[in-house]
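The structure appears below as C-alpha cells.
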Amino acid sequence: MKKKNVIKICGAVLAMPLMLAGCATVGDVIAPATNKSIYFEDITCFGGSAMQIGDYLYYGNTYTAVSDAQSFDYAGASREGYLARMDISEGLTSDGKAPAGTLENVNGKLAGYNNQYMFAYQNYLYFTSANEHKDSSNKNYYDRVSVFRVKFNGDDMSELFTTRYDESSFIKAVEGSDGNGYIVTYSETEDRSQASSSQNKIYDVSVMKIGDKLGKREVVATNVTSAVVDENKNSNNKDLFYAKASEKGQATTEVYSLDLATGKSEQIETRPASSTTLIAKTNDELFYSYKYSSSGNEVYKTDLNGFGENEMMVIGAETDKFYAYTTIKNVYPVATGNTLFEGYIFVGDSSLMYYNNHTEKATRLLASSGFTDILFVDGNFIYYSTDKSIGRISFKPNSNGEYAPQTLVEMTSIVSGKYAYVNGYIYFYAKYEPVTEYDEDGNEIKYETDESNYMYRIKVGDPEDNVSKYQLVSKNKTMPKIEEEESEEET
C-alpha cells in the first residue's frame with residue numbers, strides 16, 4: 001500500500017542557509033596525494049565530538065552544558081568553547097600539560113556543548129551550536145539547535161537551519177539511495193495545530209540534501225511517534241523509517257519507509273490494533289518494539305533484505321521476535337575481526353547484552369552499575385563511559401569463561417557519552433587535572449581551581465594494557481596563582 005508523503009516548510013524554522021562570513025580564518029588543509037584541498041567523498045563522522053581532517057583535530061575547545069534554555073551564558077561559553085583546531089601530527093605530551101602546538105580559532109560559534117554533533121562531507125565541516133535567534137517576544141531558547149557548515153579553512157560559514165531539540169530528538173547525516181548526503185532531523189514540531197489535547201509533544205521528520213550544492217530543508221512527515229535511519233554507508237537499504245498513529249481512527253501505529261533521494265513514501269503492512277515503536281536500523285535490520293491487541297510489548301527484528309520485489313514487508317511477523325523485553329537501545333552489530341558476523345550488542349533491562357546470532361540467545365555482559373553510556377563498538381570490544389572513567393569489555397569470554405570489563409582511563413570528572421574515536425585514540429572531555437609545578441626554589445606553585453572541561457585523549461592499546469595515561473589536547477587559559485600569606489614571625 002502506498003500513501004502520499006506530506007511535504008511542508010515550517011516558517012518558524014530557518015529553512016534556507018544563512019550566509020555568515022566569507023573570509024578564511026586559518027590555513028587550508030591540503031591532501032598530499034592531490035596537492036589540493038582535502039575532500040571527503042563520503043560522510044565521515046568519528047563520534048560527533050571531534051573530527052580529524054588531515055593533520056588537524058577540529059573540536060570545541062572546552063565543553064559546557066546548556067543548563068537553562070533562557071538564562072544560559074552563550075557569550076561566556078563560546079569564548080572558551082569555540083570551534084578550534086590543533087595540529088596533532090607531532091603528537092601530544094604525556095605529562096598532562098598542554099602541547100606546544102598552536103591552538104587555532106576556526107570559528108567563534110559554540111561547538112563544545114551537550115548537543116554537539118560534528119561530521120565532514122566533501123569540502124565542509126558540519127557542526128551544531130546552541131540557538132542564538134530570539135523569538136517574537138525577544139526571548140532566546142538556547143536548548144534549540146542550530147546547524148552550521150564551514151570550509152576547513154574557516155571560509156564560507158553558513159547556518160543551515162535551527163530546530164527544537166530534546167532527549168527524544170536526533171540529527172543525523174546519512175547517505176541516500178542516490179549516493180548524495182542528507183541531514184535527517186527528528187524533532188518537536190513548530191506547528192501544534194495537528195496535536196490533540198492529550199499530546200504534550202508531537203514530532204516531525206525533516207530532510208535536507210547537503211554537499212557542494214545545498215537542497216531545501218523539507219518536513220517529510222508530521223505527527224511522528226518514532227523514526228530511525230542507518231548511518232552505515234555500506235547498508236543496502238538507505239530508507240528512512242518512521243511510525244505515526246493511524247489517521248483512520250483505529251488504535252494502530254502505521255509504519256512507513258521513505259526514500260531520501262526521491263521523497264517517495266510507502267506504507268508497510270501492519271495488523272489492526274497493533275502498536276509499533278521503532279528502535280534502530282542497522283546492518284539492514286529494522287528493530288522495533290511491537291504489541292498486538294492485548295499482548296505485551298516485545299522486541300522484533302525484521303530483515304530488510306528478506307523480501308522479493310513483489311513481496312510486501314510485514315511488521316510483527318511471529319518469526320521476527322528478537323528479545324522478550326518491552327524495548328532496547330544502543331543496538332550495534334558485532335563481528336569477529338570485523339568480518340564474521342556474530343550478533344548484536346544492545347542495552348536492555350538496564351544491562352549491556354550480547355545476542356549471539358548462532359545460538360539465538362542473549363547474554364548479560366555488564367550490569368547497569370558498570371556503565372553510563374555506550375560509546376562505540378570496535379572489533380570484539382564494546383567501549384563505554386561513566387562520569388569518572390572510560391572502559392571496554394569483549395563480547396568474547398576470557399579463558400576462564402568470564403566477561404571481564406577493563407578500565408582504560410580514570411579521572412576526577414569525565415563528560416560521559418561525548419567522544420570521538422580516531423586512528424586508535426579516544427577523544428573525550430574531562431575536568432582539568434592539575435599538573436604539579438614548582439618554582440626555582442622547589443616550592444609548589446598553586447593555582448586557583450580550573451573548573452573547565454577540556455579535550456583529552458587516550459591511546460587504545462592491547463587487551464593486556466593497564467589504565468592508559470591521558471593526554472591533554474589543548475588548554476589556553478592560565479588560572480591566577482594563589483599567593484600564600486606571610487606569617488607574623490616571618491614579617
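The values are calculated or read from the model by the stated rules, or taken from the named source; none is laboratory data. What you see is a predicted model, and the numbers here were worked out from it, not measured in a lab. Here the Cβ is made from the backbone with ideal geometry for all residues, glycine too, and neighbour counts use every protein chain on show. To get the accessible areas, we keep the full protein, side chains included, count just its heavy atoms, and leave off ligands, DNA and RNA. Shrake-Rupley method; radii C 1.70, N 1.55, O 1.52, S 1.80 Å.
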Fill in the blank from the handout: Scanning region 201-218 residue by residue, those among the β-branched types (Val, Ile, Thr) and either under 22 Å from Phe127 (Cβ atoms) or open to solvent by 10 Å² or more (accessible area, probe 1.4 Å) (or both) turn out to be Val205, Val207, Ile210
Handout entry: Enumeration of residues in region 1-47 that are assigned to a strand (DSSP E or B), at pLDDT 95 or above and not aliphatic (A, V, I, L, M)
Key = Phe40, Glu41, Asp42, Thr44
Practice task
Would you point out which residue out of Asn153, Asn105 is in contact (Cβ under 8 Å) with a residue 60 or more places away in the chain and in a strand (DSSP E or B)?
Solution key: Asn105
Practice task
Answer yes if at least one residue in region 359-369 is among the small types (Gly, Ala, Ser) and farther than 30 Å from Tyr456 by Cα, and no otherwise.
Solution key: yes
Problem - Residues of region 210-256 classified as in a loop (DSSP other than H, G, I, E, B), polar (S, T, N, Q) and over 16 Å from Thr282 (Cβ atoms), total - result: 3
Exercise for the section: Mind listing whichever residues of region 141-162 are among the acidic types (Asp, Glu) and more than 19 Å from the chain's Cα centre (by Cα)? Expected result: Asp155, Asp156, Glu159
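Matching residues to (1) exposed (fewer than 14 other Cβ atoms within 10 Å of the Cβ); (2) farther than 19 Å from Val347 by Cβ:
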site	(1), (2)
Asp259	no, yes
Ser265	no, yes
Ser275	no, yes
Gly296	yes, yes
Lys301	no, no
Exercise for the section: Among what's in region 257-272 and is assigned to a loop (DSSP other than H, G, I, E, B) and free of Cβ contacts under 8 Å to residues at least 60 places away in the same chain, pick the residue that is nearest to Asn236 (Cα to Cα). Expected result: Thr270
Practice task
Answer yes or no: is there a residue in region 314-322 that is without any contact (Cβ under 8 Å) to a residue 40 or more places away in the chain, in contact with a Lys or Arg (Cβ under 7 Å, 6 or more places away or on another chain) and crowded, with 17+ Cβ neighbours inside 10 Å.
Solution key: yes
Exercise for the section: Would you mind telling me which numbered condition in (1) free of Cβ contacts under 8 Å to residues at least 60 places away in the same chain; (2) open to solvent by less than 30 Å² (accessible area, probe 1.4 Å); (3) not in a helix (DSSP H, G or I) Glu90 fails? Expected result: (2)
Completion exercise
Considering residues that are in a strand (DSSP E or B) and either surrounded by 15 or more Cβ atoms within 10 Å (Cβ to Cβ) or out of contact with any Gly (no Cβ under 9 Å at 6 or more places or on another chain) (or both), the number found within region 337-358 is 14
Handout entry: Count of region 273-330 residues which are small (Gly, Ala, Ser), part of a loop (DSSP other than H, G, I, E, B) and in contact with a Phe, Trp or Tyr (Cβ under 9 Å, 6 or more places away or on another chain)
Key = 3
Exercise for the section: Check region 59-72 and report whether any residue there is farther than 30 Å from Val314 by Cα, modelled with pLDDT under 80 and not in a loop (DSSP other than H, G, I, E, B). Expected result: no
Handout entry: Any hit, region 163-181, residues being without any contact (Cβ under 8 Å) to a residue 12 or more places away in the chain, part of a loop (DSSP other than H, G, I, E, B) and under 22 Å from the mean Cα position of the chain (by Cα)
Key = yes
